[in-house]
2 protein chains.
Amino acid sequence: MSAVTTADLLALDRAAQDLLFRAARTANTFTDEPVTDAQVAAIHDLIRYGPTAYNGQPLRVLLLRSAAARARLLPYVSSSNRAKTASAPLVAVLAADVDFHERLPELYPHRPQARDWLSDSPSRVEQARFSATLQIGYLLVGVRAAGLAAGPMAGFDAAGVTREFFPDGRHEALLLLNLGHPGPDAWERRLPRLSTEEVVRTL
Amino acid sequence: MSAVTTADLLALDRAAQDLLFRAARTANTFTDEPVTDAQVAAIHDLIRYGPTAYNGQPLRVLLLRSAAARARLLPYVSSSNRAKTASAPLVAVLAADVDFHERLPELYPHRPQARDWLSDSPSRVEQARFSATLQIGYLLVGVRAAGLAAGPMAGFDAAGVTREFFPDGRHEALLLLNLGHPGPDAWERRLPRLSTEEVVRTL
């Protein structure tokens, strides 16, 4: 009799568990194979159903496809991330729309006054950041759902990238993301993960 | 010939897409069927592989199982969320460990000095919040992977919950989460989602 593992308690099939989490890894190198706009649209069409506060959906994605756009990014990337950012087939700047509340009459129609509450709220920027970060979590899962490797990078000058790419003052850059198919020596060894006993407590 | 949809461009099978995103909804009512510790462990065993900065894994989960614990939470929950919080089979407080850096010598062993950089960094709390929020995104996907409905609630007094349940000053409450099987009239109608054209731009 084979042992029942925690994986057997999930409704999601084992292949999908592996694709999205267990076998998925942060890639450090990529092949030349492009990531198409159709793939990006397919990922977004999936993950846009993830929940956000007020259904506000503040995540905005800026794809840097041109060599000129990529060159504008590189000065803001930490030295340890520069080579992979230069060579990834696609780099995205993931940002929060801090004026997401302006869309709420359409996105949250049963309580349209939410726009006005948030308009005056000192916590609006923090709320934009929080929901956009949740959506980045969904997006990383979605990139993997597309069979692609994701390379999230927090090591960059976020204020500089915000100024460079979002001069309207309405957005805040949160994370850089390399997308592509894994190249040679793409993986570091798997780092240790905390156990459930270390993370979950019960009262 | 049937039309090719964006769903066909994904490696993840359609049933899994539906389970995690397309058919998944935020539940507002729940049946009495319990959510077991084994299910929570299965969810955590899956989502702990999601990436975080420095592999820091700052998310902490506090399950409120006892009636006494549930009663301590209710005063901090907004009036519109109180009934469902009182009736959900399981409620979790999702929090960030702002001292996550203390574990880095073990979790990020190839750069153990990261602990000391973060120890002195004014951005450490923000980094804890960011990575824990990413992990909440993975967790919401994981709850659905277990075949359960998730009810995330941002409408609560986060500072009050932090004081009440984390008096050590090392944690920050970020979100409340109801977990269970959907009950009668669990779903509001699906709210509109932004299109790819509204979210994704290319340079």
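The values are calculated or read from the model by the stated rules, or taken from the named source; none is laboratory data. Computed from a predicted model, the values in this text were never measured in an experiment. Note that we place each Cβ from the backbone using ideal geometry, even for glycine, and neighbour counts take in every protein chain shown. Quick note on the areas: whole protein, heavy atoms, side chains included, nothing else; ligands and nucleic acids left out. Shrake-Rupley method; radii C 1.70, N 1.55, O 1.52, S 1.80 Å.
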Inset, instruction - Please determine, by comparing only the residues of segment B:75-110 that are without any contact (Cβ under 8 Å) to a residue 40 or more places away in the chain and facing chain A (nearest Cβ under 10 Å), which one is farthest from B:G160 (Cα to Cα). - result: B:H110
Legend entry - Of residues in segment B:113-162 being among the β-branched types (V, I, T) and either surrounded by 24 or more Cβ atoms within 10 Å (Cβ to Cβ) or under 17 Å from B:L62 (Cβ atoms) (or both), the one farthest from the other protein chains (Cβ to nearest Cβ): B:T162
Inset, instruction - Run A:P51 past the list (1) in contact (Cβ under 8 Å) with a residue 12 or more places away in the chain; (2) assigned to a helix (DSSP H, G or I); (3) closer than 25 Å to B:T5 by Cα and report the number of the one that doesn't hold. - result: (2)
Legend entry - Filter pass, A:L177 being open to solvent by less than 10 Å² (accessible area, probe 1.4 Å), in contact with a helix residue (DSSP H, G or I) (Cβ under 8 Å, 6 or more places away or on another chain), under 19 Å from B:T202 (Cβ atoms) and in contact (Cβ under 8 Å) with a residue 12 or more places away in the chain: yes
Legend entry - Search result, residues across segment B:184-203 that are in contact (Cβ under 8 Å) with a residue 60 or more places away in the chain, open to solvent by 20 Å² or more (accessible area, probe 1.4 Å) and either in contact with a strand residue (DSSP E or B) (Cβ under 9 Å, 6 or more places away or on another chain) or on the phi < 0 side of the Ramachandran plot (or both): B:P184, B:W187, B:E188, B:R190
Inset, instruction - Select from segment A:64-74 the residues that are aliphatic (A, V, I, L, M), open to solvent by less than 50 Å² (accessible area, probe 1.4 Å) and part of a helix (DSSP H, G or I) and write down the one among them that is nearest to the other protein chains (Cβ to nearest Cβ). - result: A:A69
Inset, instruction - Those residues that are farther than 19 Å from A:Q17 by Cβ and either in contact with a Phe, Trp or Tyr (Cβ under 8 Å, 6 or more places away or on another chain) or not β-branched (V, I, T) (or both), I need them from segment B:27-53; list them, please. - result: B:A27, B:N28, B:F30, B:D32, B:E33, B:P34, B:D37, B:A53
Inset, instruction - Give the residues of segment A:175-191 that are under 18 Å from the mean Cα position of the chain (by Cα) and either among the charged types (D, E, K, R) or not in a strand (DSSP E or B) (or both), sorted by residue number. - result: A:H181
Inset, instruction - Sort out which residues of segment A:148-174 are more than 20 Å from B:T52 (Cα to Cα), outside any helix (DSSP H, G or I), in contact (Cβ under 8 Å) with a residue 40 or more places away in the chain and not basic (K, R), and write them in order of number. - result: A:F166, A:H171
Legend entry - Residues that are more than 7 Å from chain B (Cβ to nearest Cβ) and either open to solvent by 10 Å² or more (accessible area, probe 1.4 Å) or at positive phi (or both), drawn from segment A:49-63: A:T52, A:Y54
Legend entry - Selection status of B:T31, out of contact with any helix residue (DSSP H, G or I) (no Cβ under 9 Å at 6 or more places or on another chain), more than 24 Å from B:E106 (Cα to Cα) and surrounded by fewer than 22 Cβ atoms within 10 Å (Cβ to Cβ): yes
Legend entry - Those residues of segment B:2-19 which are touching a Gly at 6+ places or on another chain (Cβ under 9 Å) and open to solvent by less than 50 Å² (accessible area, probe 1.4 Å), in sequence order: B:L10, B:L12
Legend entry - Selection within segment B:82-104 - open to solvent by less than 20 Å² (accessible area, probe 1.4 Å) and among the polar types (S, T, N, Q): B:T85
Legend entry - Residue count, segment B:34-47 (criterion: facing another protein chain (nearest Cβ under 7 Å), of a type outside the set (A, V, I, L, M, F, W, C) and either surrounded by fewer than 22 Cβ atoms within 10 Å (Cβ to Cβ) or without any contact (Cβ under 8 Å) to a residue 24 or more places away in the chain (or both)): 2
